[in-house]
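Heads up, the thing below is written out as structure tokens.
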Amino acid sequence: MVRLRPTRLLALGGVLLVAFLYWKPAHTYLRTKHTLEVRQADVRALQAEKARLEKRLAQAGTQQQLVREARRLGLVKPGERLFIVRGIPAWRKHH
């Protein structure tokens, strides 16, 4: 049978106490680090999308082209109503 000396037992208890006290902060740190990496990836993706949209906006040219593109995306001016007509190709084919 292995007999532990009181000093070794005290040292082992101290190591276990330190490990117990550092576990939660270390776990929180790692979780926060992971969340930060995810958020930074989101920011990079949004920055790339913003740059792409700004490039499209710069290439859009005239106000009429902007209005046409907005209509294609289903946007309406304030006070207007949006009507979606479906089946036009089938109707044209029939008539």
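The values are calculated or read from the model by the stated rules, or taken from the named source; none is laboratory data. Worth saying up front: this structure is predicted, and the values here are computed from it rather than measured. Every residue, glycine as well, gets a Cβ built from its backbone with ideal geometry; the counts of neighbours run over all protein chains shown. These accessible areas exclude ligands, DNA and RNA; they are computed on the full protein's heavy atoms, side chains included. Shrake-Rupley method; radii C 1.70, N 1.55, O 1.52, S 1.80 Å.
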If each of VAL18 and GLU37 carries a label point 7 Å out from its Cα toward its Cβ, how far apart are those two points in nm? 2.7
Using alpha-carbon coordinates, inclination of helix 6-60 to the longest axis of the chain, degrees: 10
Please give the net charge around GLY74, taking every other residue with its beta carbon less than 15 angstrom from that of GLY74, where Lys and Arg add +1 and Asp and Glu add -1. +4
How large is the helix-only mean residue ellipticity at 222 nm for the chain, computed as the sum of -39500 (n - 2.57) over DSSP H runs with n ≥ 4, divided by its residue count, in deg cm²/dmol to the nearest 500? -26500 deg cm²/dmol
Which label belongs to the value computed from this structure, given these candidates for log10 I(q)/I(0) by the Debye sum over Cα atoms at q = 0.10, 0.18, 0.22 Å⁻¹: (i) -0.56, -0.91, -1.12; (ii) -0.65, -1.00, -1.12; (iii) -0.22, -0.75, -1.16? (ii)
If one takes the longest principal axis of the Cα atoms in the chain, at what angle in degrees, from 0 to 90 and to the nearest 10, does the Cα axis of helix 63-72 lie? 70
Putting +1 on Lys and Arg Cβ atoms and -1 on Asp and Glu Cβ atoms, find which of LEU36, GLN59, PRO89 reaches farthest to the positive end of the dipole of the chain. PRO89
So if each residue of separation counts as 0.36 nm, and I subtract the Cα-Cα distance between ARG8 and GLN65, what length gain in nm does that give? 12.5 nm
In Å², rounded to a whole number, the accessible area per residue of segment 1-45 with probe 1.4 Å is 103
